[in-house]
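Derivation of every value follows stated rules applied to the coordinates shown; laboratory data play no part. Since we're looking at a predicted model, the values are computed, not measured. Heads up, the Cβs are rebuilt from the backbone with ideal geometry, glycines too, and the neighbour counts pull from every protein chain shown.
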Amino acid sequence: MLFADDEPALRELIRDELPRMGYEVTVCPDGATATAELERTAYDCLIVDLDMPGMSGLEVIARLREVSPDTEAVILTGKSSLESAISALRYGAFDYLTKPCRLIELKSLLERIAEKRALTKRYRAVKRQLEHVTGRTKLVGSSPAMAKVRELIARVAPTNSTVLIRGETGTGKELVARSLHEQSERADEPFVAINCGALPETLIESELFGHRKGAFTGADDHRPGLFEMADGGTVFLDEIGELPKGLQAKLLRVLESGEIRRVGDNHTFQVDVRVICATHRNLQDMVEAGEFREDLMFRINTFEIWLPPLRARLEDIPELAEHLYRRFRPGADDQPHFTPEAITALQSHSWPGNVRELANVIEHATILCDQPPITPEHLPSTFGLNPLRRKLRALGPVTLEELEMQAIYEALERHQGNKPAAAEELGISLKTLYNRLNQAQALKKSA
């Protein structure tokens, strides 16, 4: 809480008594000092004197609405008048107290502010859950592999342990994270997800921890980070293996201390979040390659859940197909919507894109099929071909050299330009990779 008043005796009283009530408080002698403090640090509540030399209390509140609109404001004044109370409320004040106010009145007011903030937080959490309610949190499949996943979720969900979800891209790792959250005691609190590989390194720290106004070019206002938004709930860090090395150390400190520091801020504050991580990469291999901190790997891997690829649970495809069909065609009846031949075709596929690929195939078939059942003819024309044949059909006539260079460029793209990693994936030496790239460059120049 931030308290601003020009009376020294009152400031000392507040500085001594509020910590005894269980509140942290920062005390300021005037409006200008309070405004500077608000621009540096986020507060739950501001109590400000109406009449102070320099900036008035109303001017401080007006500035507060620009830099920290979620902070509740209370006006304190010795002039008990309806006009000043109305002015305070028009400026967005939560309430209005007259001097001298009793500490019991102040305590009651702070408790009401805490209740309002809790209700606001609960409302935002429910709103986020409603945004994801349609078919997003149901783990579909009755195979032994999925039964094992559900068993592990049920066992670890009620705890506060960090969880690492491992599995190939497209297997549904975020659904597992949401199931963990919904089966935990934090279910009524926020669930905030971020893909660590989807943002540039220059922005991800601000996304995670927030920033103060002016912290960097483009930081035009104060912004809370995802950890702050998820306070009391769950943070899901998808593709944790893509987190830059410098931020790995900062994440480790947050996990160990629960303290957050916004970018450009000098102060830390406490958050209570449960962290769930996911990756399709082998973190142990990354540790050995010097790409991932070993201490962070141990910290996030308190409990591991491995999500099987779709090819390892083909018996779930009929159930998954029906579930996805009803998602794309709401209101469909409970009758089967696929012929046995279509199910056989689906179960004969290798599914390199896992459930995400299956969803695309079912959506395609649903669009083509006016009336069920769906038959093999409704499936994509390239469906059933192995990945190489699909690629060749899409490319048309090409030379062997063109195929080779395309494979090289795709590997470099997957590894974000890391040539040693691309060469290892392709099974060629780094020297050979450089030779091929140099030859391609020479051909471009000659052309």
Can you tell me the order of 53-66, 321-334 when each peptide is scored by its average per-residue count of other Cβ atoms within 10 angstrom, highest first? 53-66, 321-334
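Greater than 30 Å separation of Cα atoms is the criterion. Which listed pairs, K107/K250; K121/K173; K213/K419; K138/K213; K213/K250; K121/K213, meet it? Kindly include the intermediate steps, with their values, before the conclusion.
Values: K107/K250 36 Å; K121/K173 26 Å; K213/K419 39 Å; K138/K213 40 Å; K213/K250 21 Å; K121/K213 23 Å.
Result: K107/K250; K213/K419; K138/K213 exceed 30 Å.
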Amide H of A193 versus every other amide H placed in the peptide plane: which residues, excluding those fewer than 5 positions away on the same chain, fall under 5 Å? F236
Relative contact order computed over segment 311-386 (Cα-Cα under 8 Å; 6+ residues apart), in percent: 37
P(r), alpha carbons of segment 311-386 - 5 Å bins starting at zero, rounded %: 3, 16, 33, 28, 14, 5, 1
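Determine, from the Cβ-Cβ distance of A147 and C101 and an R0 of 56 Å, the FRET efficiency 1/(1 + (r/R0)^6), rounded to the nearest 0.05.
Efficiency computed from Cβ-Cβ geometry: 0.40.
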Given the rule -39500 (n - 2.57) for each run of at least 4 DSSP H residues, summed and divided by the residues of the chain, what is its mean residue ellipticity at 222 nm, to the nearest 500 deg cm²/dmol? -15000 deg cm²/dmol
Spherically averaged projected area in nm², based on the convex hull that wraps the Cα atoms of segment 144-306: 9.5
The chain, relative contact order in percent, only Cα pairs under 8 angstrom and at least six apart counted: 12
In percent, what relative contact order does segment 2-122 have, based on Cα pairs under 8 Å that are 6 or more apart in sequence? 20
For L199 and E425 in one chain, what is 0.36 nm times their gap in residues minus the Cα-Cα distance, to one decimal in nm? 78.9 nm
At the level of C-alpha centres, the distance separating segment 155-231 and segment 16-35, in angstrom, is 31
Which distance in nm do the two modelled labels at T302 and D188 give, with both placed 7 Å along the Cα-to-Cβ direction? 2.3
Near the amide H of V263, under 5 Å away, which other amide H atoms are found, from residues 5 or more places off or on another chain, if H is placed in the peptide plane? G210, H211, R212
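Just for the chain, what percent of DSSP beta bridges are antiparallel, to the closest 5? Can you show the working numbers first?
Working: 4 of 38 bridges.
Approximately 10 percent, going by the DSSP bridge assignments.
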In nm, to one decimal, how far is the E256 label point from the I367 one, both placed 7 Å along Cα→Cβ? 5.1
In Å and whole numbers, how far do the C-alpha atoms of the chain stretch along each principal axis, longest first? 85, 61, 40
Kirkwood Rh in Å, taken over all unlike Cα pairs in segment 2-122: 14.3
Ratio of Rg to Rh over segment 174-256 (Cα coordinates, Kirkwood Rh, two decimals): 0.99
Extension reserve of the E341-R117 stretch, reckoned as 0.36 nm per residue once the Cα distance is removed: 75.0 nm
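Rounded to the nearest 0.05, what FRET efficiency do M21 and F216 have when you use their Cβ-Cβ distance and R0 = 30 Å? Could you put the intermediate results ahead of the total?
Working: r = 37 Å, r/R0 = 1.25.
The calculated FRET efficiency here is 0.20.
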Modelled label-to-label distance, E7 and T399, 7 Å Cα→beta-carbon offset: nm? 8.9
Can you give the FRET efficiency for E291 and A154, using 1/(1 + (r/R0)^6), R0 = 22 Å, r = Cβ-Cβ distance, to the nearest 0.05? 0.10
HN-Hα couplings for segment 15-20 via Karplus (6.51, -1.76, 1.60; θ = phi - 60°), in whole Hz with x for Gly/Pro, come out as 4, 8, 8, 5, x, 5
